[in-house]
Amino acid sequence: MSSESLKKFSAVTSFNLKSQSYGIDMLESYFKFWPSDCILFAYLENSLNIDDEKVKDKIHILDFHKEIPEYKSFASKYFHKNNNKNYRFDALKFAHKIFAIQKAISVCKTQYLIWLDADIKTVKIINDNFLNSLVKSDHYMSFLGREHVQKKSLRYSETGFMIFNLYHQSHKSFWSLIDDMYTGGQLFNLDEWTDSWVLDYIRKYFETSSNLKNINICDFGLKDIGNESHVFVGSILGDYMDHKKGPRKFIKWSKEFIRRYKLNLK
């Protein structure tokens with residue numbers, strides 16, 4: 001592998017170790033299969049008892065609330081608006097991702113930053129050629145679009161995996177608007193308050209106003225996995241990772257991943 005190309009990428013994740021213990025599988029599989037120079041910034045809640053001695057050269061275990069006090073300020077300011085009984089309006093839950101990405105952006109020194117959900121399990125060696133196939137220097141964001149799915153209520157993007165080009169000319173403006181959405185409370189004027197909805201809104205705004213170019217990873221092709229909305233596993237990412245989103249978190253593999261694996265044997 002080329003060390004020069006590997007230094008182009010770093011990654012970030014965030015989860016609550018107490019209530020989302022499946023994140024340990026994510027960290028262990030990342031350590032095993034991801035490039036050694038692709039540092040993962042893991043912002044964890046309740047991380048005091050985790051021993052990172054064996055992985056610290058590749059995975060930086062960080063205390064979410066110590067490193068990102070801005071989240072607490074946001075949560076305190078807008079707690080009265082939140083609706084945790086409906087995930088589409090549970091802004092505080094999904095804001096963890098946004099604030100973790102913002103923090104990683106401020107400290108990583110690579111061109112590209114990859115977001116990984118904590119319920120992703122890597123199963124195959126990921127090399128620089130694969131990562132490079134997901135980005136272009138004149139494009140800003142690589143994402144998993146779902147506007148093609150039949151069920152309209154699920155047409156927001158899958159944000160379990162995203163890549164941001166931190167060297168792109170629109171990068172600072174993009175995240176300045178996202179910051180306004182959260183610190184200024186503008187996200188509460190949107191139809192939904194999840195990170196997916198906010199990111200889609202900002203991405204589409206830049207695509208229209210500034211002709212921003214982005215990469216929809218789903219455009220590379222989707223496999224028939226029996227569930228068109230689970231685009232992570234249906235896309236080329238499914239060759240390398242399983243995304244056990246929702247109730248799938250507590251089983252060994254998602255049913256979509258199992259189906260894809262059987263299809264690949266044919």
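Bear in mind these aren't lab numbers, they're just calculated from the coordinates by the rules spelled out. Since the structure is predicted, the reported quantities are computational estimates derived from the model, not experimental observations. As a convention, Cβ positions derive from the backbone with ideal geometry for all residues, glycine included, and neighbour counts pool all protein chains shown.
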Taking the options 217, 225, name whichever one is farther than 22 Å from residue 90 by Cα, buried (at least 20 other Cβ atoms within 10 Å of the Cβ), free of Cβ contacts under 8 Å to residues at least 60 places away in the same chain and not polar (S, T, N, Q). 225
Failed condition for residue 233, given (1) farther than 24 Å from residue 95 by Cβ; (2) touching a residue at least 60 places away in the same chain (Cβ under 8 Å); (3) assigned to a helix (DSSP H, G or I), with all others met? (2)
What are the residues in the range 243-260 that are assigned to a helix (DSSP H, G or I) and either in contact with a strand residue (DSSP E or B) (Cβ under 8 Å, 6 or more places away or on another chain) or buried (at least 16 other Cβ atoms within 10 Å of the Cβ) (or both), if any? 248, 249, 256, 257, 258, 259, 260
Any pair with Cβ under 6 angstrom, 6 or more apart, that starts in the range 88-99 at a residue that is free of Cβ contacts under 8 Å to residues at least 24 places away in the same chain and ends at one that is assigned to a helix (DSSP H, G or I): 92/75
Residue tally, condition surrounded by 14 or more Cβ atoms within 10 Å (Cβ to Cβ) and over 16 Å from residue 88 (Cα atoms), over the range 149-159: 1
Hey, residue 240 more than 21 Å from the chain's Cα centre (by Cα) and either crowded, with 23+ Cβ neighbours inside 10 Å or of a type outside the set (D, E, K, R) (or both) or not: no
What is the residue count in the range 160-214 for residues that are assigned to a loop (DSSP other than H, G, I, E, B), among the charged types (D, E, K, R) and buried (at least 16 other Cβ atoms within 10 Å of the Cβ)? 1
